[in-house]
Every structure is written in structure tokens, then in C-alpha cells.
Amino acid sequence: MTPDAADPILSVTALHKHFGDLHVLRGVDLEVRRGETVCLIGSSGSGKSTFLRCINFMEYPSAGRIVIAGKEVGQPTGTRDGAPVYRYRERELTRIRTSVGMVFQQFNLFPHKTALENVMEGLLIVRRLPRAEAEERARADLKKVGLIDKADQYPSRLSGGQQQRVAIARALAMEPAIMLFDEVTSSLDPELVGEVLRAMRDLAHEGMTMLVVTHELGFAYHVAKKVLFLHEGVIHEQGTPDEVLKNPRQERTKAFLTGFTDFYF
Amino acid sequence: MSVHEWKFGVVLEYWRNFARGLLGTFELAAIIVLAALVGGVLVGAARYSKLRLLNWPATAFIELFRNTPVFVQIVWFYFAFPVIIGKQMHGFYAALLGIGLNMIAYSAEIFRGGIQSIERGQWEAAKSIGMGYAAMMRRIILPQAIRRMVPAFANRLIEAVKATSLASTIAVSELLFEGEQLANSIYRPLEIYTVVAMLYFLAIYPLALLSYWLERRLAIDERVKL
Amino acid sequence: MKYEWDFGFVLKFQDVLWQGFLGTLKIGVLALAFGSLVGLFLALMRMSRRRALSLPATGLIEFLRMTPLMIQLFWIYFALPILIGLKLDAFAAAVIALSVQSGAFFAEVFRGGVQSIDRSQWEGGKALGMTMPQLMRRIILPQAIRRMIPPFMERSFELMKGTTQAATIAYGELLYQSMVLSSRLYRPVEILTCVALLYLVMLTMASLAIRYVEHRLEAARS
């Protein structure tokens, strides 16, 4: 099946995840179309991070169908919780991960490599590009996040916001079909959050397909096309930012939102 | 009670004996360290593996050699092992086996600990850009892990050199043995053993300094500020 | 040629081995006690601000840690008597050597424990107007002692393993008895293997106990 421009980049159907007895994700459906920014909000423990980690298979889903760039991932092999169960092979997943970029809350930069080397690593080792070309593209990506002057610095010398932007450039360098952001500003000092959100907004405006888990409701309101509220493993409400953030229909959504004091829009 | 007259001159006449002993000590230590590096990696990898076939024997080996005194191991290899295999065993090899296997067990734990100390985020970041297991280990995990292991290995090296002194009891020509032999022939144990102690210190202290220096150097380099 | 194992021998002479075990315990426990005192003393000297105290202490600690226990044992048993004109029996020499060596390591454990307490703790107490003894007793030591427990236990573990070296000066601890027995009876395999297993069992249990305590301390802290 050839991917159509109108097909969603990411299509998730009935995603379930169990951790032992804990049923964390209880059937989540989600779609992200090309060029869309989708935000996932919810309280801690709702399963937001787990959901994201299933998309690039850091965790294996217990059940549910995931289609990335038109390709269904894994082999169907039965049902559970009323949803199809898939068998995954690490080799296929390793390949899939080159199309799914991930930016982590803890940055996870490689401390023994410079910023430039961090960004280049995927191009050099995974895409097997020649060094000169990898370096050129890495520099371009660092420029995009505004850190070209820090190219030869080690992560320990960079601020949290700078490290996170390098992490974004590293994921970007792989030219993924979709980028996942896992609460990427939650570990940052408040004054450093802005630079990261700005970089993300620029990416969104350039047409990157993004799935963002965040507490930054301002960002969700101004940049996202769609907002989903995840609570106790299911999507309670979804819609445009205006709908979900300004005029929520569900009680739980309202309850969640009243907890936020600095919500500027 | 008379004040003993120190006669170092007499003892230093026999510097060749001490030199011979030191050489023997270094020989033993060198082979043991090499064995520990190679063996430690292999056993450490097995210990770290998720396959029970590798993991359990490795764990048993490590626990066995860490929870018995090294002297017992040396004695066993010298007296018991030859009887089992029906062959004579030279003290040198018994010492190698006893101390060497002991060192391998400790090194394996250092190796495993080093790998495990690498935070999960590093694995995940490498995975997230599509790296396979081999590339991940080679480029991301091992370079960081090895840095962390070096101070511990340096300590183990010091312990290994100290342990070679036990080989004196099974007639291996190393420093303490040569000292003993000399003491038995010219009977000046005070001067002789003082010299032997000094020589051990002079041999080991540089290693300790190296270890301190490495520890400091590696601690500063790697810190990632959050 | 397949070796014929016969463990019956060992059971017949369990008394001898039991004596050896007691011998091990005797020097082990004494060395632990004296070693702790020595360690405390050395640690205090090392942490003192007077260089006349701290430098010699540092020198002694480093020297004791960087030389094999064997040479210290031999020196104390063969050389020291000449120096002080007093004959030492194997028991005394073993206890002294083990105490002194462990003392050096314990000193580092004690020092490490105290120095690992964050400066803010000292400052917090001082800001409240506490005197040094009060500060030490109520704020610093309780925390420091907690941190010292795991490495102290590890070092004690090493000490118990070190008791085997007393066999070289013919002190009747477990390994010595087993070597005497095996050479007398010409059955080194069963006897030595048995003794090795004995050590394995005892030390593994000790190791598990240590890990348990470490685990509980970790849990209590968080």
C-alpha cells in the first residue's frame, strides 16, 4: 500500500499497555497527520510518557495497532483486551526508529561527544554517511536550533536549555517522519524553557509532524493543531486547542485544567 | 634490653636477592593483570547476559572466588588440585591460578558494574536514533563504562600485587620469598623485612597515586549538568 | 586417572577443624575490635588540623594500606621482637598485624564517612549556635555513622578473609589446621575442599547479611 499524502503519518488504534498487573494504557486511539502538531496532556501517571515510548517501541505495546508512515509495525498474532496483539522483531524496530525522532525529558546527550558529534552520530553510524557529509548536515541542524557556535562544546558545558536544543537537533538530523517530545521542558529551569519551546515552534512552522507530551499549555494552545487529554490510560477529550483548553466539555478535563495557574493565551 | 644495632649494610650487600624477588613479583602481577582484563571481560559479559546458560555459571564462579579467601584458593590449587588431575603443579602456576581466578572474579564484577552504571537514558537515546546493539555498545556504552571502571581496576591491580606475597608460602620466587630465604641464611630479619616492606611500598605507591589521579580526572570530565 | 573422593575422613577430624574455626574467630574478633580503635585513633589524627599529627597519620595509613598483610605479619612476628626485645607468639603477632592493617583501612572509612557530610550540615548547626561537640553528636555523627556502615562491613569481611594468612606463622586458625591435617593424612583434596567450602558458606552468609543491611540502610534513607 503506497503512502498517500492524505494518510496520517502516525495511526494508533486501541493501544494497550500492561506493566505486570498495572493496566496503564487502556485502549488509546490517535492519529497525527503530516505537518500537524498534536499535544498530549494529562496528569502524572495518566500514561502519557508510556504512550509515547510505545510509539518508538522503547516499550512494547501489550496490544494495539501502530501504523507509521503507512507501514503497520509488527506481525499480528492474536487478540487481547479486544485489540490485536503484535509480535515485534528488534531488527524491524531498529529500522522504524530511524523514522521516529525522540527528544527525552533528561536530554540523554552522549557526554563523551561534542554537540556536533552528538548530532552527527546517527548520520555517521546509522545512515552510514561519509564524515564530511554527516558533518555538513549536522552543522545545518545545529544552526536551525541556534547553537552552531557551540558545536565543539561538550554537553557538560552547556546549559539545560542548550542541551535540550542539541537533543532536538540530534533527532532532527535523522530526518524522521515524525518527532516525539516527552515533557522536554519539565527538567529545565524556568528561564530556559522559552528557548526550547521557541525551537519547537519553529520546527512546527516548518512543517514537521510532531507529537508532544507537555505541561506547557501555552505552547499547546498556540502551536498545536489538536490537543488530547489522557486520563487513567484513555483519551477523555480531544479537539482543537480552543475546544479542549478553553471550553472543555468533560468534568475531568476541567478539573485538570484548573490546577494550572499560569496559562497565558 | 639492649638497643639493637641496625646493620643495613650487610643486608644491602644482597641486593641481587631483592631484585630477583621484585622481578618475580612483577612477573606474577603482570600475568595476573592481563588474565584479569581478558577473563574479567568475558566473565563480566556472561554475568551481564540475559541467557541463563551464561549468567548462572558466571555468577557461581564470581561468588565462589569472592567469598573464599585468596590464600585458601592458592593452597587448594597447590595441594589439592595436583592430586585430582594427577599431575605435579609448580608453585608459580598454583599462584597464577589462585590469584588469577580471584582477580578475574573481581574484575568481572567491575566490568558488569561499569556497564550497569550507565544510565538507561543513554541506551534509549542511542536506540532512538536507530542504533543496533553492537553500535550502541561500541560507540556509546563502552566508552563511558570503561572510564568508570578504570579506578576500580587500578585498585584491583594494587590488591593483586599485594596478593603475590602469598605465593611465598608455596616457594615461588617473589619478593617476600626471597626475603624469607635470605633471613634464613644470614639471619637479620629486622633489616631484611624492613627492606622488603619498603620495597613493596615503593612498588605499590605509584600505582595508588595513578589511581587517585585517574579517579579525579575521570570524575571531572564526565559530569553532565542538568 | 579418576580420583577417588572420600569425605569420611573429614568427619572423623571435625574436632581439629572446629578448633581451627575457633582460632579464626578469636583473632578475627579481636582484630576487629582493636582495629576499630586503631582506625578511630588514626582517623582523628589524620583529620586534625595540626600537621604534626595529620602528616604522620597519613603516612602510616598509606604505608599500611599499600603493603601486603603478609610482610606486616612477618615483620611483627620476626622483626619487631628484635626491636623491642619481647618475644611475640603467633597469636599476638597475628592479632597485632590484622588490627594494624585493618585499622588503616578503617581509618579511611571513618574519615570518608565524616568528610562526606555536606558542608551545609555543619553550617546549619553552627547557625543555630551549636558548639562543636553538640554539632558532632547530634548532626554529623549520626549521619556519618550511617554512611560508614557498609564500607566498614566490607572491610571487616576482608579482615575475616585475612585471618587465613596467620597460618603462615603457624597460628592454629582454620586453614592452618586443615593444612596440618591434610599433610598428616595425605588427603589434601577432601580436607582442603571441605575447608574451602566451609569458608564459602560462612562468607557467603556474611555477604548476604551485609547486602541486606545495605539494602535496609538505602531504603531508610529514602
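Computed from the coordinates by the stated procedures, all read-outs in this text should not be read as laboratory data. Predicted model, so just to flag it, every value in this text is computed and none were measured. Ideal geometry is used to build each Cβ from the backbone, glycine not excepted, and the neighbour counts take in all protein chains shown.
Suppose each label sits 7 Å from its Cα in the direction of the beta carbon; what would the A:LYS225-B:ASN55 distance come out to in nanometres?
Output for this residue pair reads 4.5 nm.
I want to verify a result. In a Gaussian network model of chain A, Cα cutoff 10 Å, which of these has the top mean-square fluctuation: A:GLY194, A:GLY35, A:GLY161?
Among A:GLY194, A:GLY35, A:GLY161, the largest GNM mean-square fluctuation belongs to A:GLY194.
With θ set to phi - 60°, apply the Karplus curve 6.51 cos²θ - 1.76 cosθ + 1.60 along the stretch A:136-146 and write out the HN-Hα couplings as whole Hz, x wherever there is a Gly or Pro.
With coefficients 6.51, -1.76 and 1.60, one gets 4, 5, 5, 4, 4, 5, 5, 4, 4, 8, x Hz.
What would the Debye equation give as log₁₀ I(q)/I(0) for chain A at q = 0.10, 0.11, 0.15, 0.17 Å⁻¹, counting only Cα atoms as equal point scatterers?
Scattering profile of chain A, log10 relative to I(0): -0.51, -0.62, -1.13, -1.39.
Leaving out same-chain residues fewer than 8 places away, which lysines sit with a Cα under 24 Å from that of A:LYS143?
In chain and number order, the partners are A:LYS113, B:LYS225.
Please report how far the C-alpha centroid of the stretch B:147-175 lies from that of the stretch C:102-153, rounded to the nearest whole angstrom.
32
With springs connecting C-alpha atoms under 10 Å apart, model chain C as a Gaussian network and identify which of C:PHE152, C:PHE105, C:PHE41 has the largest mean-square fluctuation.
C:PHE41
B:LEU218 to C:ARG184: FRET efficiency via 1/(1 + (r/R0)^6), r the Cβ-Cβ distance, R0 56 Å, to the nearest 0.05?
Plugging the Cβ-Cβ distance into 1/(1 + (r/R0)^6) gives 0.60.
Each residue of the stretch B:148-165 in order: what ³J(HN,Hα) in whole Hz does its phi give by Karplus 6.51 cos²θ - 1.76 cosθ + 1.60, θ = phi - 60°, with x for Gly and Pro?
6, 7, 4, x, 5, 5, 4, 4, 4, 4, 4, 4, 5, 4, 5, 5, 4, 5
Mind scanning B:LYS87/B:LYS162; B:LYS50/B:LYS127; A:LYS226/B:LYS127; A:LYS17/A:LYS71; A:LYS254/B:LYS127 and naming the pairs with a C-alpha gap bigger than 26 Å?
B:LYS87/B:LYS162; A:LYS226/B:LYS127; A:LYS254/B:LYS127
Would you mind checking which residues have amide H under 5 Å from A:ALA177's amide H? H placed 1.01 Å from N; only 5 or more apart, or other chain.
A:VAL100, A:GLY101
How do A:LYS144, B:LYS7 line up, fewest other C-beta atoms within 10 Å first?
B:LYS7, A:LYS144
Rounded to whole Å and sorted largest first, what semi-axes of the equivalent ellipsoid does the C-alpha gyration tensor of the protein assembly as shown yield via the square root of 5 times each eigenvalue?
62, 29, 25
What list of whole percents do you get for P(r) of the stretch C:105-222, with Cα-Cα distances grouped in 10 Å bins up to the one holding the largest distance?
12, 28, 23, 17, 12, 6, 2, 0
Estimate the FRET efficiency between B:LEU210 and B:ARG138 by the formula 1/(1 + (r/R0)^6), using the beta-carbon distance for r and 35 Å for R0, to the nearest 0.05.
0.85
Return the inverse of the average 1/r over all pairs of distinct C-alpha atoms in the stretch A:1-134, which is the Kirkwood hydrodynamic radius, in Å to one decimal.
For the stretch A:1-134, the Kirkwood estimate is 16.6 Å.
Over all directions, what mean area does the Cα convex hull of chain B project, stated in square nanometres?
Taking a quarter of the hull surface, the average projection is 17.7 nm².
Can you give me the Cα centroid spacing of the stretch C:20-81 and the stretch B:52-71 in angstrom?
Value for the Cα centre distance between the two parts: 30 Å.
Check cross-link reach from C:LYS26 to the aspartates and glutamates: straight Cα distance under 13 Å, and skip same-chain residues fewer than eight apart.
Within the straight-line cut-off, C:LYS26 pairs with C:GLU173.
Please work out the C-alpha center-to-center distance from the stretch B:72-143 to the stretch A:193-238 and express it in whole Å.
Here the two parts' Cα centres lie 47 Å apart.
Explain nothing, just compute: Karplus ³J(HN,Hα) = 6.51 cos²θ - 1.76 cosθ + 1.60, θ = phi - 60°, for every residue of the stretch A:149-163 in order, whole Hz, x for Gly and Pro.
Residue by residue, the stretch A:149-163 yields 6, 9, 3, 9, 8, 7, x, 5, 8, 9, 6, x, x, 5, 4 Hz.
Let me know the Kirkwood hydrodynamic radius for the stretch C:8-221, please, with Cα pairs as the basis and the value in Å to one decimal.
Details: mean 1/r = 0.0517 Å⁻¹.
Over the stretch C:8-221, the inverse of the mean reciprocal pair distance is 19.3 Å.
Using R₀ = 22 Å, calculate the FRET efficiency as 1/(1 + (r/R₀)^6) where r is the Cβ-Cβ separation of C:GLN134 and C:SER54; round to 0.05.
Details: r = 24 Å, r/R0 = 1.10.
Efficiency, rounded to the nearest 0.05: 0.35.
Under a crude label model (7 Å from the Cα following the beta-carbon direction), how far is C:VAL201 from A:ARG157 in nanometres?
Label-label distance for C:VAL201 and A:ARG157, simple model: 6.1 nm.
Suppose every Lys and Arg Cβ carries +1 and every Asp and Glu Cβ carries -1, with no other charges. What dipole size does the stretch B:8-225 come out with about its Cα centre, to the nearest 20 debye?
Dipole about the Cα centre, nearest 20: 1000 debye.
List every residue whose amide H lies under 5 Å from the amide H of A:HIS231, counting only residues 5 or more places away in sequence or on a different chain, with H placed 1.01 Å from N in the peptide plane.
A:HIS236
Suppose each label sits 7 Å from its Cα in the direction of the beta carbon; what would the A:GLU206-B:LEU42 distance come out to in nanometres?
The answer from the label model is 5.0 nm.
As an exercise, identify the trypsin sites (Lys or Arg not before Pro) in the stretch C:64-144 lying in DSSP coil whose Cβ has no more than 11 other Cβ atoms within 10 Å.
When the trypsin sites (Lys or Arg not before Pro) of the stretch C:64-144 are filtered for loop state and at most 11 Cβ neighbours within 10 Å, C:LYS87 remain.
How much length, in nm to one decimal, is gained on full extension between A:GLU90 and A:THR13, taken as 0.36 nm per residue of separation minus their Cα-Cα distance? Walk me through the numbers before you get to the answer.
Details: separation 77, 0.36 × 77 = 27.72 nm, distance 2.12 nm.
Working it through step by step, the gained length comes to 25.6 nm.
So who's got an amide H within less than 5 Å of the one on A:GLU36, skipping anything under 5 residues away but keeping other chains? H placed 1.01 Å off N, in plane.
A:MET210
Build a GNM of chain C with springs between Cα atoms under 10 Å: which of C:LEU55, C:LEU98, C:LEU83 gets the top mean-square fluctuation?
C:LEU83
Note the full-extension length gain between A:HIS112 and A:THR77 as 0.36 nm times their separation in residues minus their Cα-Cα distance, in nm to one decimal.
Result for the pair: 8.4 nm of gain on full extension.
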